[in-house]
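Reviewing the structure listed below.
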Amino acid sequence: MQKKLFKNSQKGFTLIEVLVSTTIIVMLTGLFLANYHSANQRSILNIFIQEMASDIRLMQNYGLSSLEYEGSVPLGGWGIYLNKVSNNYILFADIDNDKEYNPPGEMYKTVNFPDGVIVEDIIGDTMSGKSSISITFVPPRPTVNIGDIFNSYNDLVVILKDDKNNTTKSINVNYFGLVDVLRN
């Protein structure tokens, strides 16, 4: 007589196993999405600070090449104007050679900040209580002027902040015209 061996051949998952697996997948997806959003915001700040540094270098190149604005080379060269309370910066031609931006006739281009990005601080040596600054590059060398006709600084640091992530990035400009994005 032959004996038959019977095995339990039920295949599948129990309800507990399905719930645990689903919970793990949902938690991992949530972590991924949170990190993705945070990394995306940080990359917006990184890209924008590089764009700003590039625009400063562009104004330096305009000054070096003695580029004309409205038919003549600007007496005071080309520059960038930053204000702590505005959400943009202005590229300008210094027509009257006062080493600062005078609206509206000197405006070349306005660049708006991305949402959530602000100027946290503008720091210059001996700079106190100033909320705005102009950097000009005067041809033919170009000579770098940080400040205005009354106040001149050797070094300038502009700190941009992403309000959503509370992260900061900085640009340093010195009197030689070196433009450097600093690691924070």
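The values are calculated or read from the model by the stated rules, or taken from the named source; none is laboratory data. Keep in mind that this is a model prediction, so the values were computed, not measured. When we count neighbours, we look across all protein chains shown, and the Cβ atoms used for this are built from the backbone with ideal geometry, even at glycine.
Summary table
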item	result
Pairs with Cβ under 6 Å, 6+ apart, first in region 157-184 and among the acidic types (Asp, Glu), second exposed (fewer than 15 other Cβ atoms within 10 Å of the Cβ)	162/116; 163/116
Residues of region 135-184 that turn out to be surrounded by fewer than 18 Cβ atoms within 10 Å (Cβ to Cβ), more than 22 Å from residue 50 (Cβ to Cβ) and in contact with a helix residue (DSSP H, G or I) (Cβ under 9 Å, 6 or more places away or on another chain), as a count	3
Failed item in (1) touching a strand residue (DSSP E or B) at 6+ places or on another chain (Cβ under 9 Å); (2) at pLDDT 85 or above; (3) closer than 28 Å to residue 164 by Cβ, with residue 29 passing the rest	(1)
Search result, residues across region 73-89 that are over 14 Å from the mean Cα position of the chain (by Cα) and either surrounded by 21 or more Cβ atoms within 10 Å (Cβ to Cβ) or on the phi > 0 side of the Ramachandran plot (or both)	74, 76, 77, 78, 79, 80, 81
Entirely in region 65-168, the strands (runs of 3 or more DSSP E) that have 1 or more residues that are hydroxyl-bearing (Ser, Thr, Tyr)	78-83, 88-93, 107-112, 132-138, 143-147
Filtered residues of region 51-63 (kept if in contact with a Lys or Arg (Cβ under 9 Å, 6 or more places away or on another chain) and either surrounded by fewer than 18 Cβ atoms within 10 Å (Cβ to Cβ) or outside any helix (DSSP H, G or I) (or both))	55
Number of the exception - residue 42 against (1) surrounded by 14 or more Cβ atoms within 10 Å (Cβ to Cβ); (2) within 16 Å of residue 157 (Cα to Cα); (3) not aliphatic (A, V, I, L, M)	(2)
